[in-house]
Structure formats: C-alpha cells, structure tokens
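Right, I'll just put the structure down here and ask away after.
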Amino acid sequence: MTVYPADLKYDKEHEWVRVEGDAAVVGISDFAQDQLGEVVYVDLPSVGDEVVAGETFGEIESVKSVSELYAPVSGTILEVNDDLGSTPETINSDPYAGGWMIKVSVADPSQLDALMSAEDYESFVANEA
Amino acid sequence: MRFSPASCDDRATMLAAVGASSIDDLFAAIPEPVRLGRPLDLPDGVGELEVVRTLRGLAGRTTPATSLVSFAGAGCYDHYVPSIVDHILRRPEFFTAYTPYQPEVSQGTLQNIYEFQSMICELTGMDVANASMYDGATAFVEAALMAARVTKRSHVVVAGSVHPEWRVVLDTYASSGAITVATCPVTDGVTAAASLASMVDAQTAAVLVASPNFLGHIEDLAAIGDVAHAAGALFVAAVNPALSGVLEPPSVFGADIVVGEGQPLGSSMSFGGPGLGFFACKDAYLRQLPGRVVGRTLDVDGRGAFVLTMQTREQHIRRERATSNICSNHALNALAAAVYLSAVGAEGLAEVGRSSIAKAHYLHDALVASGLFEEVWKAPYAHEFALRYTGDVQDMQDALLERGYLAGVDLGLVDPGLDGLVLFACTEKRTRDEIDSFVREVVSL
Amino acid sequence: MSADVTKTPSSAPTRGPRELIFETGSPAARCFELPPLDVPEVGAEALAGQARTSAPALPHVTEVEIARHYHHLATMNFGVDSGPYPLGSCTMKYNPRVNEDACRLEGFAGLHPYQPLSTAQGALELMVSLADALAEVSGLPAVTLQPAAGAHGELTALLTFRAYHVANGDARKRVVIPDSAHGTNPATVSMCGYDVVTIPSNERGGVDMDALRAALDTDVAAFMLTNPNTLGLFDENIAEITEMVHAVGALAYCDGANMNAIMGKARPGDMGFDALHINLHKTFSTPHGGGGPGAGPVCVTGALAKFLPGPLPVRLGDGSFSLVWPERSIGRVRSSFGNFGVLVRAYAYVLALGGDGLRAASEQAVLSANYLKERLKGAYPLPYDRTCMHEFVLSGGKLRKEHGVHTLDVAKRLLDYGFHPPTIYFPQIVDEAIMIEPTETEGLADLDRFADAMIAIAAEAVSDPDLLHGAPYTTPVRRLDEARAVKQPDLRWRPAAGE
C-alpha cells in the first residue's frame, strides 16, 4: 500500500526529511497526503526565515481541512518549493520528490538522530491507523 | 399539537418502538433538581385567527414611517421595492432552505449568492465580495478586524463622521482587546485629511470612513485613501449602495475594503433589521475574508455549478483561528438585493440615486429659504443633510407628526454633540408636492 | 435511459444549471422605471467630483425574465417544504406561514428605527413580550434581542462576561470548551480576546469532569457548553459542572443551539448557566432563509443584566414602552434593536404554541429522535447508545472500513431518495459522523420513509459501493469539483471586455 522510502527520516507529525549535506529537505509522507485528501493550498515560510524543531512552519489545506506543518529540525530556510503555489496537488501525486516543501540548513545535526527510520515510521503509522 | 403531524396513536407506536412507557422516560437523563417541575408561565397557545388578531393589534399600535411622509434616513431608507422582489422572497425553496452545505440540492441559493457577489463587486469596484454579513455596522467592524490581520497591526483610525451606532459597535468589539480605535474629529461635516494624517502612523492597520457620511456629506476619499496608504494602512470605505449608480465606487480612490448597509436594496426598514451587511475587497486579501463565499466550478458531468468555497477560513474548519465567528449571514436579504438590482438595472439604480439626491437638494434649499433652518456645513451632500432648526426640534417634530410627517431624525437624540440639528433624507418616493406641503407646514408652525 | 433522452426535445426546459442573470435578457431590457423627475435635476458638479463615470454592469432584464430566472433557481433548491430535512443541530422545523404574513404587516415592516417611540409602541411591546417569554423558557431573567445569529449571540455573551470580569478587576485569560463544541464557540472565544482550552468528552459523551477540573483556575473566564450536547445527550453532571465553574469565579455559558430538546422540561438558568443564546431560526421556527437572517437573543442572570448591550426595550410603570441603556452596557453589537422581522415571526410562534405547546414540541422532537435512533442503530453503529434528546449521532465508520463507503456517499445517496441529508462529519469526535435531528414537525410516515431509505442505503453500500460513490444521480447537478473551486477561484461574473 503506502511506501516510505528508506533513505528518508520521519517525525510523528508525518513530515519526512532528506539529508543533503548540511541541509534537510522537508515534505509530508504518503500516509499524511492520503489522510488529507486532495491538497488545495500550502502556506510556506520565506527563504531566510528561521524554523524551530517541533514548531509549526506552515499550513496545508484540503477542501475541508487545515493542518499545521511542523518542522522536524531547527534551522534557516534555504529554499522553498514555490511550484506548490500553483500545483499543490503534487504533494498528493509525488510526496517525496516534486512535493518537497522547504530546504533548511540544519543548525543541530543531533536533531536528525531523534527522527524515525522508515521501518519505525511504518509501524508508528500502523499503530495510529 | 400545532405543526406536528404525529397523532396520539403515532406517539404510542413510537413510544413502544423506543421501549419507553411514557414521554417522561425519555427525559430521565435530566437530573431531578434541574427539571422544571411546573408548566411554563406563558399563555396557552391559540389558533391562527387569534395569532393574527394579536399581531394585527400590535402592528396597529404603531404609526409606521411608510404610512407617513417620511424624511427619516440615518442609515435606514424608505426606497421603493418593486413587487417582484417579495414574490421571489416568498418562494419556500428559498426561505425555508438552510445554508447551502449540500450543493447538489442548493444551486438556487448558491447561484444567487454568486450573482449577488458579482453585483456587489460591480457596485463597489472591488475584486471579490462575500455572501453577506449581518448589517453594515458589523461588516464595518469585520473590515477593521480583517485589516488588522492583513497588516499585522492592531490600531485603527475611524472617521468621527461615521454613523455613531457603527462607531459604538466598533468600540464594543474592540473591548475584546483585539484592536484599539482612535476617532478622527469631524471638521465642517467631513474628515479633514490633515487631521487624519496626524493620527495615522506605522502602527495603523486601517483608516475607516463612510461616504456619504452619517451627516450626508461626501468625503474626500482620494485624500483619505492617500493618508492611509502613505502609512501602509488599509483604506476601508463604507458606501450607501443606493447611490452606487451615481457616485464613483471607492475602488477609484484606492479603497482596499468596501462595506456597507444593503437595506436600501430591496429590504424593508423593519425597525432596523434584518438589514444586509455587504463586504468586498481586493483579491490580495481573499484568504483573510470573513464569512462565506460562493465559487463556480464543474460537476462530475462537466456542467457549471456553484459551491461554498475557501471554507478553510471559516469557523467550522479553522475554529479558534478562523477569520471570523460568523456562520448564519443574511442570505435572504442578499436575495432581495440581487432581485432588486436585477429589476432596477444600472439605469434604474442611477435614477434612484439621481432622484433621491435631487429631492434632497430641493428640500434642503426650501428649508433654508424658509428662514427656520440654518445650513451648518457647506460640504457637498447627496440624499441626506443636516440643518440647525431655530426652534425646539422635539416640538417641531411632534407637531408635524400630527400632520402626517416624519420630520427627519433629531440628531440630539443620537449624539448630544449634535443637539439642535435635524437630519433629513429623501428617497425617490418623495414627491415635489409632499416636499412643498411639508415646508408649508413647517412654516405654519 | 436512452429512450428518455430521445423523448426529450433538446429545447425542453431542464432542472439543471441555468445561465447567469447577467447572461439573460437584452441590452435594452428594463423592468423598472421611475416617474419623471418633478424637481430640478442636480448636476454632477454637486457631487464633489465623484460622479460615477462608468456604470456598474448590472443585469438588463424585464420582469418576466426575472420571474423565470428565480423560479428556475428555486426549483434547484431543497427547503423544508420540499421534504424531510433532518439536519442535526439545525432544527429544520416547519416554518408556519402566518409568521411570514405577520412580519410583513406594514405596522412592523414599515417602521423606521429612529421613529419617535410614541409611534412604535406596538413594536416595543412585541419585543418586550418576546423577551419575557424567552426569559421564562430559559430561566434567565434579562434578555437582549440584538444579536443577529447564534454566533453573534455567543460574541455578545462573551463580551458581557468580559465586562463583568473587568468590573471585578480582572478580564481573565482563557475560555474552556469541550471537544464536541460547534466551531463558532472557539472562533468566538478568539474574537473576544481569550485563549481556547479544549477538553475531551468522557466515554458517555458528556463533559470529562476530571479534565474540566484540571482546566479550571482563576484565569478562566468562562466554560461554554452546549446542553444537550452535539451528540444529542443531556449532561447528567450539569449542576456539578456549573458549580465547579463558579467555584473559580468563572461564568457558565450555554450554547442554546439545542434548546428544541428541553423547552418546558428544563431551563439553563436552573442548571446554573449564567448566559444562553437562543437561535430563533432553530427552536422558534423562523426560517433559515438559505443561510439567514436568523436571530440569536441572549438571556443572562440578573448579575449580568447591567452589562448587556443597549438599548433594551422595556415596559414602564404606566404601561407604555420605551428603550433604556443598561447601567454598565458593553455598547452595541449591531445597528438598531435586532432582526426585528425575525423577532415578529418568533413571537407569532410563541403565541400559537403557548407554554404547553412549546413543551409538547420538545417532547415530540425527542420522541421522534429516539424513534429514528431505534430504527437505525442496527444499520449504522451508534457510538453513544443512550436515550437521546432531540438528535443523535450515528457512525459511518463501519461502512468505510468494510466497504469503502464514506458518510459523504451515504449523504449524497439520500438526495436520490428525496431527503435532505443529516449533518455529516460533525461532531468531530465521532468517526464518519451522521448527525440526525428529525424535529417535531416530521410525522411518523416520513420518519419511517427516512429510516427505510437509510437502511436501504446501508444495504446498497454492501451490495454496490460504487453506486454510492457516484451518487447523487437525480439532482439538478451532481457532485462538484470542490478542489477546483478552491484552486481556480471563480467568485464573480465579469463583463466581457469593452462591455
């Protein structure tokens, strides 16, 4: 059914993280997009903004729901996926590649250790569902 | 029981199905101490004939403005309502329906709201409008709150020439601490851009003004808008839509949000309610818009259809972070406005405005010429104006009431600072004969 | 199907979508003209240079085109007159026609809000009499009729609470609400400058007393509760709840959306509530108008009376009627005195039913709901299986898990059976919630027809889930692309360029 790439790390709010050197690319998991239904809007921070691990960095909306996005790690926003403004549904169709949301410079690499592996996340999701 | 089709036998059937021996069994969850152990202390119910008799009796103990020659305005106007309007309002498919949450069986309400939104945009020059608010006053306050969200500032400056009731409503909502309000003093019946400029700064979320203002005068919207924008504040203008056929829409002067009281568009005065708040703004602020909005989309068969949209702004989804708590609005009054505007069209609306303005000016000049009234301010006015009466206002109004006239609104009762002034309004319903007779009666007092 | 299509000429009128009113008529068409102007015209120069330079693009239609346009729109709507409308928490009861006539009497509809009070005595008397009746039904003696809707009533009450606390030296910081609350409750709390604290419901669907105890302290301004709650259950601990709230100096607010369950049976004032709003457009039979206008009068204790918005209509010692301002009024929450036209309708209802009739209406509403609950709980799980009040909440969770059919599908299929669906996906604490409120104005035959339809749909969900996924089939339009409506907002018609 759902797939969780093994090269990513995950948090309990269903964000994924891909480590690229000193930076972390963040999106939401396939499970999360499936729960939301068709994504119609994402509100993301701007380049240069600071995000704090465990705190919200944006919002994601379907037609009849709005959910907060939580930063898996702290750091400064390096890039934002502006394409999602016009095609937010990419988060549904391609959550791990085209659906990426922000790229953050990781302030404290130890925060990455606190995240779940794909295997752990899969059992976390199984328990939640 | 009236209005309930269930018979005694039906009730017995239902009780048996539920497994209850009596109706009171069903209320067992209500603890004894909080049960009302007595009948309600209200009169017994009566049949329709007696209901009608009682209500006709009460209605008979009023002398409605519509039965008089009325020159009362001050936010509520006696315009002619074409017959077709009420015939459509009485369609039960419209008035007995709930909020159109099931679009497949609510296309009538939804399409009407879409058309209403379009008409409000046309009148105001704005990009988007919502499905309606309670009244002009609450729409005005919602505009201030929205401006605070958009600008992330919390101080607003309101023109002192705005309707006193609206300003009280603004202050009342502001008592929550969400915004602070400063009032710009009135100079010669209008808002002076210079005094406004001294009150507006980088903390100002919005400058709010009405034009024509409460005193009937046309404000210098361009200058006021410039003051607001120079400080990075939003410019909120309230308008009377009955004059939208003859006055430029506030968009021309850079308004960011336009609101108003839509009662003049097809709603009866009804002692001041229900009226119709309308709310329109620029596209850029759409996500901060309060209240419902209808959009056009397609159904699965590819047909154009209408639906409540952008709902994540609203209380049922965003809860404590919603753009407003508003849920019910004034959809039926919005229907009245849409039918009214369809009936009069752009030409008719312009005629209503021109006629109301011409009659107000005729009355104004005749009253001043009588020598009994003095002009207070020279500022341009539309279909409403204030004059100082040289005698006792109450005595004058009482005497004219005896003769079948509602002689304007005694401003001293609305704002003690305006004691001695009378606010007169004309709509297209007034005739030259009525105005001439009224002036003769005033002179004869 | 194809046979029907060939029998229907392509030019036949349809119940389907209709062109916009802007696209109807012709450029020269007019419906309405004023008589010739009988006073001198006022030139544009009098308008401070603000004379309109380009006309608004309004419809160009004749009266017959208006009549047909709105007739067509009306046929695409479902109202209470169209059939059963068991929309939970909305109390879609029949709207007596005499009420519609009453509010249009010239002596009411023709009143100007600034008329001398001597010329509006009957209107003031009506308001005083209605307020008295609402005070008796609620057990709370002071009433403002100003609020235009339920949410507006909530706001009025919380601003009144704030003024009360401020007068006692501290506005306080938080308002506690249960997780089953209507969305207007938390939204109102925010608008009134308070933070929301949400507490869970207990396993019986009532307030979790431990959670409430833990949430209450002297920073709490109020606890807001709908009772009966949004599950249709009366909270048995109500007296203890309001006592706990008062013990920390906070005030208890009752969301009166569900008053139709308890008229003449129990009163929020006797339960210890300090304030209540009543939705006249629910409990007191005034129509919903496709989304309003309603009216949300607020009833409060004597201690809060002096903070109510003004002016209040009152009966004077000499039997005449006037307006007064409460001593420490919060101000106004709107223009004028309230949605007077709605108040007239509600008063007509009070007159018609009387005290016993109001009680009987609540009794029948509760009986109807329990009857439907018993008929349906075999076909749909009932998470809180207790005697309900005027409404109950089923779960579509089983249909989703076992057959991939969502509550939305069930609701859409009901449209094909000729019923307006219940409230769905609320309260949020029930999975795939189906919230059913039949009201007292549905007879046994219609209740049975509705139950039969719901049971038939549950069977269809098993035998042919795709049938439900595709429903409705018989409505003027079918399911809409709501995502498209958000992503490509089309919120208004625009004239073609150059028009």
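The values are calculated or read from the model by the stated rules, or taken from the named source; none is laboratory data. Keep in mind that what you see is a predicted model, and the values were worked out from it rather than measured. Here Cβ is always computed from backbone atoms with ideal geometry, including for glycine, and neighbour counts include all displayed protein chains.
Scan segment B:66-85 residue by residue and report those that are more than 18 Å from the chain's Cα centre (by Cα) and either facing chain C (nearest Cβ under 7 Å) or of a type in the set (D, E) (or both). Step through it out loud before you land on a result.
First, pick out the residues of segment B:66-85 that are more than 18 Å from the chain's Cα centre (by Cα): B:66-71, B:82-84.
Answer for segment B:66-85, where residues must be more than 18 Å from the chain's Cα centre (by Cα) and either facing chain C (nearest Cβ under 7 Å) or of a type in the set (D, E) (or both): B:T66, B:S67, B:S70, B:P82, B:I84.
Here's a follow-up. Are any of the residues in segment B:349-364 touching a Ser or Thr at 6+ places or on another chain (Cβ under 6 Å) and within 30 Å of C:T53 (Cα to Cα)?
Looking through segment B:349-364, at least one residue is touching a Ser or Thr at 6+ places or on another chain (Cβ under 6 Å) and within 30 Å of C:T53 (Cα to Cα).
Could I ask something else about it? Six or more apart or on different chains, Cβ atoms under 6 Å: show the pairs whose first residue is in segment C:317-335 and free of Cβ contacts under 8 Å to residues at least 40 places away in the same chain and whose second is of a type in the set (D, E).
C:G331/B:D171
Collect the residues in segment B:380-411 that are more than 24 Å from B:T187 (Cα to Cα) and of a type in the set (D, E, K, R), keeping them in residue-number order.
Taking segment B:380-411 as the starting set, the residues that turn out to be more than 24 Å from B:T187 (Cα to Cα) are B:391-392, B:394-407.
Scanning segment B:380-411 gives B:D392, B:D395, B:D398, B:E402, B:R403.
Can you find even one residue in segment B:373-380 that is facing chain C (nearest Cβ under 10 Å), over 30 Å from C:E154 (Cβ atoms), not hydrophobic (A, V, I, L, M, F, W, C) and not in a helix (DSSP H, G or I)? Walk me through how you get there before you give the answer.
Restricting attention to segment B:373-380, the residues satisfying the condition of being facing chain C (nearest Cβ under 10 Å) are B:379-380.
Of the ones still in play, those that are also over 30 Å from C:E154 (Cβ atoms) are B:379-380.
Those still in the list that are not hydrophobic (A, V, I, L, M, F, W, C) too: B:380.
Now drop any that are not not in a helix (DSSP H, G or I), which leaves B:380.
Scanning segment B:373-380, I find at least one residue that is facing chain C (nearest Cβ under 10 Å), over 30 Å from C:E154 (Cβ atoms), not hydrophobic (A, V, I, L, M, F, W, C) and not in a helix (DSSP H, G or I), so the answer is yes.
Quick check on segment B:324-355: of everything there that is surrounded by fewer than 24 Cβ atoms within 10 Å (Cβ to Cβ) and among the hydrophobic types (A, V, I, L, M, F, W, C), which residue is farthest from the other protein chains (Cβ to nearest Cβ)?
B:A350
Would you mind finding the one in B:L387, B:L367 that is in contact with a strand residue (DSSP E or B) (Cβ under 7 Å, 6 or more places away or on another chain), of a type outside the set (F, W, Y), more than 9 Å from chain C (Cβ to nearest Cβ) and in a helix (DSSP H, G or I)? Full working, then the answer.
Working: B:L387 fails: in a helix (DSSP H, G or I).
Of B:L387, B:L367, the one residue that is in contact with a strand residue (DSSP E or B) (Cβ under 7 Å, 6 or more places away or on another chain), of a type outside the set (F, W, Y), more than 9 Å from chain C (Cβ to nearest Cβ) and in a helix (DSSP H, G or I) is B:L367.
Within segment C:358-382, track down each residue that is small (G, A, S), crowded, with 24+ Cβ neighbours inside 10 Å and more than 30 Å from C:A458 (Cα to Cα).
C:A361
Just to be sure, is B:G189 touching a residue at least 40 places away in the same chain (Cβ under 8 Å), in contact with a Leu (Cβ under 7 Å, 6 or more places away or on another chain) and within 21 Å of B:F385 (Cβ to Cβ)?
yes
At least 3 residues that are within 30 Å of B:R38 (Cα to Cα) and modelled with pLDDT of 95 or more in each: list the strands (runs of 3 or more DSSP E) lying fully within segment C:124-240 that qualify.
Working: elements: C:142-144, C:174-178, C:195-199, C:220-226.
In segment C:124-240, C:142-144, C:220-226 are the strands (runs of 3 or more DSSP E) which contain 3 or more residues that are within 30 Å of B:R38 (Cα to Cα) and modelled with pLDDT of 95 or more.
Oh, and also: Closer than 30 Å to C:P116 by Cβ and touching a residue at least 24 places away in the same chain (Cβ under 8 Å), is that true of B:A65?
Answer is yes for this residue.
Scanning segment B:132-185 for residues that are assigned to a loop (DSSP other than H, G, I, E, B) and within 7 Å of chain C (Cβ to nearest Cβ), which turns out farthest from C:G292 (Cα to Cα)?
Per the criteria, the residue is B:G177.
Given the options A:E15, A:E20, A:E38, name the one that is touching a helix residue (DSSP H, G or I) at 6+ places or on another chain (Cβ under 6 Å) and either among the charged types (D, E, K, R) or under 18 Å from A:Y70 (Cβ atoms) (or both). Show your work before the answer.
On the way: A:E15 fails: touching a helix residue (DSSP H, G or I) at 6+ places or on another chain (Cβ under 6 Å); A:E20 fails: touching a helix residue (DSSP H, G or I) at 6+ places or on another chain (Cβ under 6 Å).
So the residue among A:E15, A:E20, A:E38 that is touching a helix residue (DSSP H, G or I) at 6+ places or on another chain (Cβ under 6 Å) and either among the charged types (D, E, K, R) or under 18 Å from A:Y70 (Cβ atoms) (or both) is A:E38.
Something else about it: How many residues, within segment C:135-145, are crowded, with 24+ Cβ neighbours inside 10 Å and either of a type outside the set (S, T, N, Q) or touching a Phe, Trp or Tyr at 6+ places or on another chain (Cβ under 9 Å) (or both)?
Residues flagged as crowded, with 24+ Cβ neighbours inside 10 Å and either of a type outside the set (S, T, N, Q) or touching a Phe, Trp or Tyr at 6+ places or on another chain (Cβ under 9 Å) (or both) within segment C:135-145 amount to 5.
Related question: Please indicate, with yes or no, whether at least one residue in segment C:146-153 is surrounded by fewer than 24 Cβ atoms within 10 Å (Cβ to Cβ) and under 22 Å from C:K282 (Cβ atoms).
no
Of the residues in segment B:241-260, how many are acidic (D, E) and either more than 8 Å from chain C (Cβ to nearest Cβ) or closer than 16 Å to B:L332 by Cβ (or both)?
Residues in segment B:241-260 being acidic (D, E) and either more than 8 Å from chain C (Cβ to nearest Cβ) or closer than 16 Å to B:L332 by Cβ (or both): 1 in total.
Conditions (1) among the aromatic types (F, W, Y); (2) modelled with pLDDT of 95 or more; (3) surrounded by fewer than 24 Cβ atoms within 10 Å (Cβ to Cβ); (4) more than 30 Å from C:D409 (Cα to Cα), marked per residue:
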| position | (1), (2), (3), (4) |
| --- | --- |
| C:G296 | no, yes, no, yes |
| C:K306 | no, yes, yes, yes |
| C:S322 | no, yes, yes, yes |
| C:F340 | yes, yes, no, yes |
| C:R386 | no, no, yes, no |
| C:L394 | no, yes, no, no |
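Please pick out the residue among C:T156, C:T119, C:T75 that is buried (at least 24 other Cβ atoms within 10 Å of the Cβ) and of a type in the set (S, T, N, Q).
On the way: C:T119 fails: buried (at least 24 other Cβ atoms within 10 Å of the Cβ); C:T75 fails: buried (at least 24 other Cβ atoms within 10 Å of the Cβ).
Step by step, each of C:T156, C:T119, C:T75 is checked, and only C:T156 is buried (at least 24 other Cβ atoms within 10 Å of the Cβ) and of a type in the set (S, T, N, Q).
Just the residues that are touching a residue at least 40 places away in the same chain (Cβ under 8 Å) and at the interface with chain B (Cβ under 7 Å from one of its Cβ atoms), please, taken from segment C:43-74. Reasoning before the result, please.
Filtering segment C:43-74 down to residues touching a residue at least 40 places away in the same chain (Cβ under 8 Å) leaves C:57, C:61, C:65-66, C:69, C:72-73.
Matches in segment C:43-74: C:A57, C:V61, C:I66, C:L73.
Right, something else. How about segment B:317-364: which of its residues are free of Cβ contacts under 8 Å to residues at least 24 places away in the same chain, in contact with a strand residue (DSSP E or B) (Cβ under 7 Å, 6 or more places away or on another chain) and farther than 30 Å from C:V189 by Cα?
Within segment B:317-364, just B:G345 meets the criteria.
State whether the residues of segment C:335-346 include one that is farther than 18 Å from C:T91 by Cβ, among the basic types (K, R) and either in contact with a helix residue (DSSP H, G or I) (Cβ under 7 Å, 6 or more places away or on another chain) or more than 7 Å from every other protein chain (Cβ to nearest Cβ) (or both).
No, because not a single residue in segment C:335-346 is farther than 18 Å from C:T91 by Cβ, among the basic types (K, R) and either in contact with a helix residue (DSSP H, G or I) (Cβ under 7 Å, 6 or more places away or on another chain) or more than 7 Å from every other protein chain (Cβ to nearest Cβ) (or both).
Which of the helices (runs of 4 or more DSSP H) found entirely inside segment B:1-117 contain at least 3 residues meeting this: of a type in the set (D, E, K, R) and more than 30 Å from B:I435 (Cβ to Cβ)?
B:8-18, B:48-60
Counting just the residues of segment B:415-436 that are part of a helix (DSSP H, G or I) and within 20 Å of B:P64 (Cα to Cα), which one comes out nearest to the other protein chains (Cβ to nearest Cβ)? Talk me through it step by step, then tell me what you get.
Filtering segment B:415-436 for residues part of a helix (DSSP H, G or I) gives B:416-418, B:432-436.
With within 20 Å of B:P64 (Cα to Cα) added as a condition, the list becomes B:434-435.
Working: B:E434: 10, B:I435: 7 Å.
Of everything passing the filter in segment B:415-436, B:I435 is nearest to the other protein chains (Cβ to nearest Cβ).
From C:G169, C:G183, which residue is surrounded by fewer than 22 Cβ atoms within 10 Å (Cβ to Cβ), under 19 Å from the mean Cα position of the chain (by Cα) and free of Cβ contacts under 8 Å to residues at least 60 places away in the same chain?
Answer to the check: C:G183.
Okay, moving on. Identify all residues within segment C:105-135 that are farther than 14 Å from C:Y347 by Cβ and either facing chain B (nearest Cβ under 7 Å) or among the charged types (D, E, K, R) (or both); write none if there are none.
Selection gives C:E106, C:A109, C:G110, C:L111, C:H112, C:P113, C:Y114, C:Q115, C:P116, C:T119, C:A120, C:Q121.
Shifting gears a bit: So, in segment B:410-434, how many residues would count as being under 20 Å from the mean Cα position of the chain (by Cα) and of a type in the set (S, T, N, Q)?
Of the residues in that region, 1 qualify.
Scan segment C:157-168 for residues that are under 23 Å from C:H182 (Cα atoms) and more than 9 Å from every other protein chain (Cβ to nearest Cβ) and jot them down.
C:A157, C:T160, C:F161
Of all residues in segment B:6-47, how many are surrounded by 11 or more Cβ atoms within 10 Å (Cβ to Cβ), among the charged types (D, E, K, R) and more than 7 Å from chain C (Cβ to nearest Cβ)?
2
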